[in-house]
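Encoded as structure tokens, the structure appears first; notes follow it.
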Amino acid sequence: QSCLGIMGGGQLGRMFAHAAQSLGYRVAVLEPEAGCPAAQVAEHHVGTGYEDPDGLAALSALSRHVTTEFENVPADSLKALAMRGFVAPAGDCVSIAQDRLVEKHFFTRCGAQTGVYPAPHWGIADQKDVASASETLFPGILKTVRMGYDGKGQVRVRDREELAAAFAAMRGQVCVLEKMLPLAYEVSVLTARGVDGAAEVYPIAENVHRDGILFTTLVPSPHVSPDVAEKAQKAALDIIGELGYVGVLCIEFFVLQDGSLVVNEMAPRPHNSGHYTIDACVTSQFEQQVRTLAQLPLGDVRQHSPAAMLNLLGDVWFEPDSEIAREPAWDKVLALPGANLHLYGKAEARRARKMGHITFVAATLAEAQLALAQACDILGIVAPELA
Ligand code: ATP
Ligand code: MG
Ligand code: MG
């Protein structure tokens, strides 16, 4: 029985391990944190840092096939592993997704083919760039080019003065200023591509964020038109092909109020907005990751049930005005129709920390949304507005 390796031990690694094990593989996780979500379920845990040569050698000795569950894994570590075995996605692809400016240049280059471009933007590396940013980029959002996620490392700026102050507060980190766009809604497109170049694309997922963190994902998207859906799916397939990517790639898009499509960013791994695939598609995004890594054929991406996914942040573990975590009323949530609860085994609940998710499946999206709203009431979450 062979073993698949993964860099990173969070929930994405845990769900990868579940999928790998159900296909008969053992799993080795490299992650410095003891007791992390993935190490709880994997057969092997290498507990070193992501750059430790001994750790990388140990992971290679356990598994000749290695993937990653987070985009900030050092690209050099992926390249080092690639000298000893098969690594997917490749370090070169991951490093594009690690830097928003490099990523935007890449998307712009793909634009001739995809017809979809990133938001107007300007790299901000020093005060000179602050002075030369076009007036048309205000109001805008200043984002660090590296390491940002869940809206961290982002500041909204109304004018150049606010930009200067926000950039100063970034303490020398290279940033990008993006024009604030009039969003109608947000979607993501999950794709997978094998070593043989065969690629598949999942249905369009519609995402709602709260406080910069993914809140719900609805599939099918209630807003997207067939035209926009087709354009986004084609763009995603063009992008994954252009990268020569092997693995699962998720691309986030904005749909603007005039109906036009803008590409935001990509994640070189399964994505939070793709968790619904576990319960609502023939092949989950994690099984797809396993298949691409093991050089097996891709699975069927067909969705068999409408789905509404609710993220469970640590906030749900706290009563209002209490600092003592307690277990939420899962018995009540699990009594709702079509509920699929996934908890990540994180030792400690913290506010804004992703602790789990629930996917509601039903015969219609409206029924799944209704169950999701009921779950919000049970869990003390302000329910989403219905589209
Ligand atoms: P993730 O957790 O998805 O990796 P992130 O921290 O990398 O998020 P972005 O996806 O770039 O950040 O931005 C977070 C959210 O902020 C977007 O989903 C969108 O709601 C909003 N946003 C970002 N850029 C813009 C923009 N140019 N115009 C309008 N809204 C934006
Ligand atoms: Mg991001
Ligand atoms: Mg994002």
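The values are calculated or read from the model by the stated rules, or taken from the named source; none is laboratory data. The model shown is predicted, which means the values in this text are computed figures rather than measured ones. Don't worry about glycine lacking a Cβ; one is built from the backbone with ideal geometry, like all the others, and counts go over all protein chains shown.
Some notes on this structure:
- If the condition is being more than 16 Å from ligand 3 (Cβ to nearest atom) and in a loop (DSSP other than H, G, I, E, B), then region 150-174 contributes 158, 159, 170, 171, 172, 173, 174.
- Number of residues in region 141-154 that are more than 17 Å from residue 182 (Cα to Cα) and aliphatic (A, V, I, L, M): the value is 2.
- Residues satisfying the stated conditions in region 124-160, i.e. in contact with an Asp or Glu (Cβ under 6 Å, 6 or more places away or on another chain) and away from ligand 2 (no atom under 15 Å from the Cβ): 138, 140
- Taking region 226-254 as the range and being crowded, with 23+ Cβ neighbours inside 10 Å and within 14 Å of ligand 3 (Cβ to nearest atom) as the test, the residues that pass are 249, 250, 251, 253.
- Within region 42-59, tally of residues that are in contact (Cβ under 8 Å) with a residue 40 or more places away in the chain and buried (at least 19 other Cβ atoms within 10 Å of the Cβ): 2
- Test: residue in region 205-212 that is in a loop (DSSP other than H, G, I, E, B), within 16 Å of ligand 2 (Cβ to nearest atom) and closer than 21 Å to residue 147 by Cβ: yes
- Within region 265-283, the set of residues being surrounded by fewer than 24 Cβ atoms within 10 Å (Cβ to Cβ) and either away from ligand 3 (no atom under 16 Å from the Cβ) or not assigned by TED's automatic domain parsing to the domain that holds residue 232 (or both) comprises 278, 279, 282, 283.
- Within region 181-204, tally of residues that are aliphatic (A, V, I, L, M), within 20 Å of residue 237 (Cβ to Cβ) and assigned to a strand (DSSP E or B): 6
- Selection over region 69-80 of residues that are without any contact (Cβ under 8 Å) to a residue 60 or more places away in the chain and within 23 Å of the chain's Cα centre (by Cα) gives a count of 4.
- Number of the exception - residue 94 against (1) assigned to a loop (DSSP other than H, G, I, E, B); (2) crowded, with 20+ Cβ neighbours inside 10 Å; (3) of a type in the set (A, V, I, L, M, F, W, C): (1)
Listed here are the residues, each with its yes/no results for (1) in a loop (DSSP other than H, G, I, E, B); (2) out of contact with any strand residue (DSSP E or B) (no Cβ under 7 Å at 6 or more places or on another chain); (3) more than 26 Å from residue 339 (Cβ to Cβ).
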{"site": "252", "(1), (2), (3)": "no, no, yes"}
{"site": "255", "(1), (2), (3)": "no, no, yes"}
{"site": "258", "(1), (2), (3)": "yes, yes, yes"}
{"site": "264", "(1), (2), (3)": "no, no, yes"}
{"site": "270", "(1), (2), (3)": "yes, no, no"}
{"site": "288", "(1), (2), (3)": "no, no, no"}
{"site": "300", "(1), (2), (3)": "yes, yes, no"}
{"site": "310", "(1), (2), (3)": "no, no, no"}
